[in-house]
Amino acid sequence: MVVLVWFHVFAAVSWIGGSIFLSVVLVPVLRREQFASQKALLFRTIAMRFRMVVWGSITTLLLTGPPLLHQRGIPIMNPSEWPMVLSIKLGLVAILLLVTMTHDLIVGPRVGRILQLPAESRTKSDHALIGCSPWIARGSLLLTLVVLLAAVLLARS
């Protein structure tokens, strides 16, 4: 079971660490003037590559989580017997998955298409979506950090 814990933690660290890297390192660097002409291409290329890491991490977390709960004697099929922190964590995970899917499958591709248009031909809703997209990603990062906190609390209980 140590291997399952390792895979579970590795997947979480990969997702969270990559999200922090994008937000704290990559985006501020790409805002510099010398990257202005390449910013969109660089970010889109890196984000598409990171998307594979995120979905690989999600798959790993979903595959390793239930056996780890079973190992701890938590009845997977009986939510009424789950510790409160597990219920909260899994609720947050469900929200996080929904937000991630929405961002990756709807918002991200739409913003990519909008950014191909000349700025003067973009609608107000196009500009609003472009402005909201980074906040969705930041919200996802915040959610992953809260899920991590719930995981730590669960491990300590």
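Bear in mind these aren't lab numbers, they're just calculated from the coordinates by the rules spelled out. Not measured: the values here are computed from a predicted model. Note that each Cβ is placed from the backbone with ideal geometry, even for glycine, and that neighbours are counted across all protein chains shown.
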Can you give me the distance in nm between label points at LEU105 and ILE76, each placed 7 Å from the Cα along the Cα-to-Cβ direction? 2.3
Among TRP55, TRP82, TRP15, which one shows the highest mean-square fluctuation when the chain is modelled as a Gaussian network with alpha-carbon springs under 10 Å? TRP82
Within the chain, which complete DSSP H helices have Cα atoms spanning at least 20 Å along the helix axis and a mean Kyte-Doolittle hydropathy of 1.6 or higher? 2-20, 84-102
Label-point separation (nm) for VAL27 and ARG113, each offset 7 Å from Cα along Cα-to-Cβ? 2.4
Cα-based Rg (one decimal) and Dmax (whole number) for the chain, in Å? 18.3, 59
